[in-house]
1. If you add up the charges near residue 145, with Lys and Arg at +1 and Asp and Glu at -1, over every other residue whose beta carbon is less than 14 angstrom from its beta carbon, what do you get?
2. Output the peptides 316-325, 463-472, 142-151 sorted from most to least packed, where packing is the average of other Cβ atoms within 10 Å over each peptide's residues.
3. How many nm separate the modelled label positions at residue 461 and residue 96, each set 7 Å beyond the Cα in the direction of the Cβ?
4. Along the charge dipole of the chain, which of 412, 518, 390 sits closest to the positive end, that is, farthest toward it, with unit charges on the beta carbon of Lys, Arg, Asp and Glu (+1, +1, -1, -1)?
5. Treat every Asp and Glu Cβ in the stretch 312-420 as -1 and every Lys and Arg Cβ as +1, leave all other atoms uncharged, and give the resulting dipole magnitude about the Cα centre to the nearest 20 debye.
6. Determine the share of the chain's accessible area contributed by carbon and sulfur atoms, expressed in whole percent, with a 1.4 angstrom probe.
7. Nearest 20 debye, what's the magnitude of the dipole of the chain about its Cα centre given +1 on Lys and Arg Cβ and -1 on Asp and Glu Cβ?
8. When the helix-only estimate is applied to the chain (DSSP H runs of n ≥ 4, each -39,500 (n - 2.57), divided by the residue count), what is the mean residue ellipticity at 222 nm, nearest 500 deg cm²/dmol?
Amino acid sequence: MLQIVKNEGTAVSVIAAVNDFVVKFANVNGSGSASANQLFAKSIIRMGVPVAPRNIFPSNIQGLPTWYEMRVSEAGYLGAREGTDLMVAMNPQTWDQDIASIVPGGYLFYDSTKAIPHSKFRDDINIIGMPLTELCNHEYSDPRQRQLFKNIIYVGALAALLDIEIEVIETLLKEQFRAKEKLIPPNIHALHVGRNYALTHLTCPIGLTIRRSNEVGDRISIDGNTAAALGAVYSGATVAAWYPITPSTSLVEAFTKYCGRYRVDKETGQNNFAIIQAEDEIASIGMVIGAAWNGARAFTATSGPGISLMQEFLGLAYFAEIPAVLFDVQRAGPSTGMPTRTQQCDLLAAAYASHGDTKHVLLFPEDPHESFLFGAEAFDLADRLQTPIFVMLDLDIGMNERLCRPLTWDDSRRMDRGKVMTSEELNTAKDFGRYLDTDGDGIPTRTYPGTHPTRGAYFTRGTSKDRYAKYTESGAAYVDNMQRLLAKFRTAETLVPAPQIRSADTETKIGAIYYGSTSAAMREAQDILTKHNIDIDLLRIRAFPFNDDVRNFIASHEQIFVVEQNRDGQLRSMLINELEINPAKLKRAVHFDGSPITATNIIDKIAGFLPAAQILEARSAL
């Protein structure tokens, strides 16, 4: 709701909201603000209110602007949202664009130590100035302390302005510095310096407030890269070969951390894992394929440029039928593109990686919970199908913490290594052919090197071969092999995660297909459209190849919107190509500026294709 207050003699509409607003911090990269901003977000989560934080950062190390945006939503909407209700402007370089992003009636919190001309403000927002630098200079003499504690001081001030329980933040500080207890008192002191000043000199609370709730429930806050790394650990992965690239680097770093905890022999202290930082992405995928051929569960983590470099090796793994897992944390391309911005733009490059006719299995997690599940499932699928498996995350999922269901694991679960012959089975077998399909599912039987002294050996090659792995240039043998690989891909349809349908309350002939990190915004868009009498069914694709549920969903609707975060509608192209769908039936609804897609983006794209009466309803929703 809105109420009217006075701002410098002008009547300004004030946004009044409880547990439903957007706060954005504008900082300088490398200023130490990240931990303070995360502390602020965690304090709200501790009060039981869902928060979706996003770190927007440059692709350099220090000095350029960075933003930390967090959406507070008791309703549980975790997708990004346009506009800022409270801007914490700590970076003079971005002042103008930060001021411009505030919604009318919103709030600007800034360091008022140095006077800023009136022309640099807006008359339709509420100004909250606090002399942060002056307070720091009074409290601290060391320049580094002044910078670091300035961040904690503004957290204390915001706690007073938003009515956040100060005890919650104090507890978080004690937890954060429990290994360095001497840092606890000065941080708590800085926190109260900010809070006390705000309570004494500012109007507290403002129209935006936090009220204790219970909507977080048992959910945890974790980023997708960490969750995927845990999935790899739990699935039995022991080898990671990689080359650092944003935004996937933290996945291998997390895997390294957890291997140090769970992959070290307690008696000998010996590592039961191998993590190799290769000289480039080409070498890294070669190492993964070699380790997997030898029986290890191996993976790499990369992004679009890495996938481009790995093409020939991926063709080898596909044609020679060697398991491998690739975590592709997508970013904006092509070329270097925007390394620290999110997109879903690697689908075609991954699905058909390498020259010639190839088709690779792709998994599309929607959040960290599924990043963990699919991260583990990918290794079973790779072994069972004897082929590379791509887990398609993106920067928004991979690098931003998000509330999700707890990560759970069934301790009775065992690795599915697929069709692997043992020494005993080779002794009794009448025949062994590396590429024989004995049961019609397209999947042959393999052996690990050294399984038997005289049986089960074969030559692994990227050239054409017959079903006994013997080199041949016979056209019939080549066609036989390629058709069997296609049959194996059809088998994969029955093994990969099935799509999920979210039907409207009322029967409708309008549908939308989406995947991955688009999920949060898509579900919010559906709810908004429903409130405005526009019903739409949703289908979330969780894997490629597509199964019959996808085909039937498209057939049962007159109009389908394919919502994705890339310019060319790559999923739409795959649906048309794989399912032989009339292109006119699939409407492109794309967003690709590097920012996470929002419900408003989706509704805006859909509105243009609706009948006139529904267009008006959709526009009113915006």
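1. Values: positive: 144, 146, 150, 182; negative: 139, 142.
Here the count lands on +2.
2. Details: 316-325: 24.6, 463-472: 15.4, 142-151: 17.2.
Most protected by this proxy first, the peptides run 316-325, 142-151, 463-472.
3. With each label point 7 Å from Cα toward Cβ, the separation is 6.6 nm.
4. 412
5. Details: 10 positive and 17 negative charges, 20 e Å.
Dipole size: approximately 100 debye.
6. Details: 13250 of 26250 Å².
The computed percentage sits at 50.
7. Values: 61 positive and 72 negative charges, 144 e Å.
So the dipole magnitude of the chain works out to roughly 700 debye.
8. Numbers: 21 runs with 234 residues, N = 622.
Taking each H run of at least 4 residues, the total per residue is -11500 deg cm²/dmol.
The values are calculated or read from the model by the stated rules, or taken from the named source; none is laboratory data. Everything quoted here is computed from the prediction, not taken from an experiment. Methodologically, a virtual Cβ is constructed for each residue, glycine included, from the backbone with ideal geometry; neighbour enumeration extends over all protein chains shown. Side chains included, ligands, DNA and RNA excluded: accessible areas come from the protein's heavy atoms. Shrake-Rupley method; radii C 1.70, N 1.55, O 1.52, S 1.80 Å.
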